[in-house]
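The values are calculated or read from the model by the stated rules, or taken from the named source; none is laboratory data. Nothing here was measured: the structure is a model prediction, and the numbers come from that model. No Cβ is skipped: glycine too gets one built from the backbone with ideal geometry, and neighbour counts run over all protein chains shown. These accessible areas exclude ligands, DNA and RNA; they are computed on the full protein's heavy atoms, side chains included. Shrake-Rupley method; radii C 1.70, N 1.55, O 1.52, S 1.80 Å.
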Amino acid sequence: MKTDFETIRVEQHDEGVIQLVLNRPDARNAFSHKMMAELDEALDEAEIDDTVRSVVLRGEGKLFSAGHDLKEQMGGKQFHTLTYPHASPSVRPQLPRAWYFRKPLIGALHSYVGPYAFAIVACCDFNIAATGTRFSCEVFKGSYPYIDWLTLYMQLPMRVIEKLWLMGGWMDAAEALQFQLVQRVLSEEEVFDEALRWGRQTALISPEGFAKGKDKIRRSVELMGLNQLTAVLAPEPLRSGAPIDMEAFRKAQAAFDPSIAKV
């Protein structure tokens with residue numbers, strides 16, 4: 001498959017497993033428009049490459065991802081207005097491309113999973129997280145997030161959603177494990193090896209069988225309400241009218257790790 005990306009690194013492993021590595025460590029792997037487009041394209045490439053049987057998604061450097069690239073967003077580029085430049089025919093312009101990926105997708109998470117990165121993680125089939133990994137929604141205090149995040153409405157209890165969205169809250173890996181948003185919590189040194197083990201295990205499953213089963217499960221979730229959510233919420237992604245308090249967001253991040261607030 002194609003490997004010459006600027007913000008994503010592709011690493012091949014034996015047994016049909018590849019890594020897609022978020023590779024902007026100097027920017028805390030913040031999702032720029034370029035990274036978003038390249039991740040979509042890399043998933044397209046992996047989906048049609050018969051030698052790829054499973055994908056592990058991880059972040060290079062100190063943390064998994066700080067979330068959206070705030071410098072771009074504050075500069076006037078609104079992420080939710082973008083279309084998918086390299087989307088496969090099965091993708092509708094609502095949920096992240098990762099939701100529609102038909103092969104196994106395993107997240108290897110550490111340290112910090114910020115806004116939008118949280119939405120991508122929610123699209124993975126399985127997640128392995130390091131102890132203390134923080135899943136952050138601080139940016140959405142008193143509001144609700146873009147349509148990309150709607151898969152979490154179907155994966156988390158109502159009061160957890162209220163805490164995250166309305167209070168600008170967050171959860172750690174132990175809490176995420178309670179809701180099976182992550183399947184294992186290990187030391188940071190063990191996370192990648194465990195994610196790779198899950199990749200190898202899922203690579204043993206018939207690709208056709210996995211794709212059909214995953215497609216039925218995802219479509220069933222959509223029929224149970226996810227499609228209705230996208231229809232209702234798509235026109236106005238931040239309908240509440242409450243502005244995003246970027247200063248409060250940065251302070252919340254800095255309380256966790258002062259270096260993150262510089263993103």
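Can you find even one residue in the range 87-101 that is part of a loop (DSSP other than H, G, I, E, B), touching a helix residue (DSSP H, G or I) at 6+ places or on another chain (Cβ under 7 Å) and modelled with pLDDT of 95 or more? Within the range 87-101 (the criterion being part of a loop (DSSP other than H, G, I, E, B), touching a helix residue (DSSP H, G or I) at 6+ places or on another chain (Cβ under 7 Å) and modelled with pLDDT of 95 or more), the answer is no, since none of the residues qualifies. Restricting attention to the range 48-72 and to residues that are of a type in the set (Asp, Glu) and open to solvent by less than 40 Å² (accessible area, probe 1.4 Å), the residue that is modelled with the highest pLDDT turns out to be 49. Is it fair to say residue 43 is touching a residue at least 24 places away in the same chain (Cβ under 8 Å), under 21 Å from residue 210 (Cα atoms), in contact with a helix residue (DSSP H, G or I) (Cβ under 8 Å, 6 or more places away or on another chain) and surrounded by 20 or more Cβ atoms within 10 Å (Cβ to Cβ)? For residue 43, the condition - touching a residue at least 24 places away in the same chain (Cβ under 8 Å), under 21 Å from residue 210 (Cα atoms), in contact with a helix residue (DSSP H, G or I) (Cβ under 8 Å, 6 or more places away or on another chain) and surrounded by 20 or more Cβ atoms within 10 Å (Cβ to Cβ) - is met.
Could you check, for the range 15-23, whether at least one of its residues is among the polar types (S, T, N, Q), under 18 Å from residue 116 (Cα atoms) and assigned to a loop (DSSP other than H, G, I, E, B)? Yes; the residues of the range 15-23 include at least one that is among the polar types (S, T, N, Q), under 18 Å from residue 116 (Cα atoms) and assigned to a loop (DSSP other than H, G, I, E, B).
Listed by position, the helices (runs of 4 or more DSSP H) contained in the range 153-263 that have at least 1 residues being modelled with pLDDT under 80 are 227-233, 246-256. Whenever a residue of the range 125-142 is among the β-branched types (Val, Ile, Thr), its partners that are assigned to a strand (DSSP E or B), lying with C-beta atoms within less than 6 angstrom and at least six residues away or across chains, give the pairs 128/108; 128/184; 131/185; 133/109.
When residues in the range 180-216 are screened for being polar (S, T, N, Q) and surrounded by fewer than 14 Cβ atoms within 10 Å (Cβ to Cβ), 3 of them pass.
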